[in-house]
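The values are calculated or read from the model by the stated rules, or taken from the named source; none is laboratory data. Note that the coordinates shown come from a computational prediction; the quantities given were computed from them, not determined experimentally. Cβ placement follows ideal geometry from the backbone for every residue including glycine, while neighbour counts extend to all protein chains displayed. All accessible areas refer to the heavy atoms of the entire protein, side chains included, with ligands and DNA or RNA removed. Shrake-Rupley method; radii C 1.70, N 1.55, O 1.52, S 1.80 Å.
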Amino acid sequence: MVRPDSSFASGLYEPAHDSAILRGLDQVYRGEYAAADSILSRLPDCPARAYFRGLVGINRFGDLGDTAALFAAARLWEGLDRASDSSASLFRRDANYPLYRGLSELQLSYVASITGGRIRAARLGRKAVGLLAPLSDRAEAAAAIALYDYYKAALLRGVAWLPFISADREAPLRQLEAAIPKSRYLKEILRTSLLWIHYDAARYQAGIQPIQAFLARYPGNRPYRQMLADFRFRNGDLDSARRLQEDLLAEYRGLSRIYPQPGYLPLGYLGAVGNLAKLDASQRRPDSLRTHLEIWHSPRNGGIIKWLPASLVREVDSLKK
């Protein structure tokens with residue numbers, strides 16, 4: 001079967017499941033996670049079904065704080081890895097199975113990192129790169145390896161003066177940028193990683209335009225609205241950042257009544273609270289800062305803060321009550 005677009009020639013392609021995968025991902029970006037999982041669960045039992053249903057789960061967790069969805073995603077990806085144990089496994093007969101397996105290991109590394117398993121995360125990351133290295137002609141494998149190499153170089157930057165230590169981050173970044181447009185299914189997810197690289201490197205203008213382009217298609221997407229607020233804050237557009245964070249705060253407060261604790265962690269709500277505290281400090285609003293820090297430091301939220309990005313936690317904890 002001819003691919004629908006030659007620009008994706010080196011990327012993952014599922015001719016029999018293409019429409020369902022694209023519709024499922026579209027629902028994910030709209031925040032319609034149940035609909036996305038319903039579409040993808042109707043695929044036959046195959047690597048694509050397991051991998052993309054896992055993506056639904058981890059995106060649901062990132063937005064709604066659904067820990068059950070996070071661990072369900074991990075089980076799906078672990079199942080892809082276990083399929084390699086038996087030569088009789090039907091999954092192993094799938095032409096794309098090696099790629100899905102490597103990508104799943106990388107996702108498991110991410111799950112380990114956000115659940116506190118830093119050593120396990122590093123081990124799984126190395127395993128993923130080992131599995132993906134023979135597939136580096138595939139866009140998704142090339143992007144995953146580039147991400148790994150970029151962050152490894154970032155960790156080594158402080159000791160780059162030692163012999164045989166390379167801390168080149170520009171080459172992996174170029175490889176990532178080249179690979180992203182070639183992925184039919186994962187370009188948006190991979191682009192999110194690139195955007196955070198721009199953020200960490202203070203290239204805020206490079207990130208704002210693609211974020212706005214995504215939100216033009218999916219205006220309700222909460223994680224991208226949060227990202228836009230972060231970029232605008234760093235770029236000095238504090239009023240716009242505040243409006244976005246206040247809208248998110250109200251929206252996540254409403255969602256907390258639909259998705260209550262303990263099954264759902266109020267990560268989006270607390271993320272907005274923390275970012276508003278940063279804005280309060282920057283805009284010299286001491287009363288508002290005190291209110292937001294009281295929420296942040298509330299004993300009720302003590303066990304939840306650890307699930308938030310470490311950089312946000314450090315920045316908010318550095319603020320005075």
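Numerical summary
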| quantity | calculated |
| --- | --- |
| Search result, residues across the range 26-38 that are open to solvent by 20 Å² or more (accessible area, probe 1.4 Å) and either assigned to a helix (DSSP H, G or I) or polar (S, T, N, Q) (or both) | Asp26, Gln27, Tyr29, Ala34, Ala35, Asp37, Ser38 |
| Residue in the range 300-308 that is polar (S, T, N, Q) and closer than 28 Å to Gly117 by Cβ present | yes |
| In the range 253-275, the residues that are under 15 Å from His292 (Cα atoms) and either of a type in the set (Asp, Glu) or touching a residue at least 24 places away in the same chain (Cβ under 8 Å) (or both) | Pro266, Leu267, Gly268, Leu270, Gly271, Ala272, Val273, Gly274, Asn275 |
| Out of Tyr51, Tyr13, sole residue that is surrounded by 15 or more Cβ atoms within 10 Å (Cβ to Cβ), assigned to a loop (DSSP other than H, G, I, E, B), modelled with pLDDT of 95 or more and among the hydroxyl-bearing types (Ser, Thr, Tyr) | Tyr13 |
| Hits in the range 181-232 (condition: open to solvent by 30 Å² or more (accessible area, probe 1.4 Å), hydrophobic (A, V, I, L, M, F, W, C) and part of a helix (DSSP H, G or I)) | Ile189, Trp196, Ala206, Ala213, Ala216 |
| Enumeration of residues in the range 197-215 that are free of Cβ contacts under 8 Å to residues at least 24 places away in the same chain and under 19 Å from Asp63 (Cα atoms) | Ile211, Gln212, Leu215 |
| Exclusive hit being within 17 Å of Leu190 (Cβ to Cβ), open to solvent by less than 40 Å² (accessible area, probe 1.4 Å) and among the aromatic types (Phe, Trp, Tyr), set Tyr150, Tyr97 | Tyr150 |
| Residue within the range 16-25 that is under 23 Å from Gln226 (Cβ atoms), outside any loop (DSSP other than H, G, I, E, B) and either open to solvent by less than 60 Å² (accessible area, probe 1.4 Å) or touching a helix residue (DSSP H, G or I) at 6+ places or on another chain (Cβ under 9 Å) (or both) present | yes |
| Residue within the range 272-284 that is in a helix (DSSP H, G or I), closer than 22 Å to Thr115 by Cα and among the acidic types (Asp, Glu) present | no |
| Hey, Gly254 open to solvent by less than 60 Å² (accessible area, probe 1.4 Å) and either over 24 Å from His297 (Cβ atoms) or touching a Pro at 6+ places or on another chain (Cβ under 9 Å) (or both) or not | no |
| Subset of the range 103-130 (residues that are small (Gly, Ala, Ser) and surrounded by fewer than 17 Cβ atoms within 10 Å (Cβ to Cβ)) | Ser113, Gly116, Gly117, Ala122, Gly130 |
| Subset of the range 284-297 [open to solvent by less than 30 Å² (accessible area, probe 1.4 Å) and either modelled with pLDDT under 95 or not aliphatic (A, V, I, L, M) (or both)] | His292, Trp296 |
| Any chance Arg300 is charged (D, E, K, R), assigned to a loop (DSSP other than H, G, I, E, B), open to solvent by 60 Å² or more (accessible area, probe 1.4 Å) and out of contact with any Lys or Arg (no Cβ under 7 Å at 6 or more places or on another chain) | no |
| Unique match (being in a helix (DSSP H, G or I) and of a type outside the set (Asp, Glu)) among Gly125, Gly116 | Gly125 |
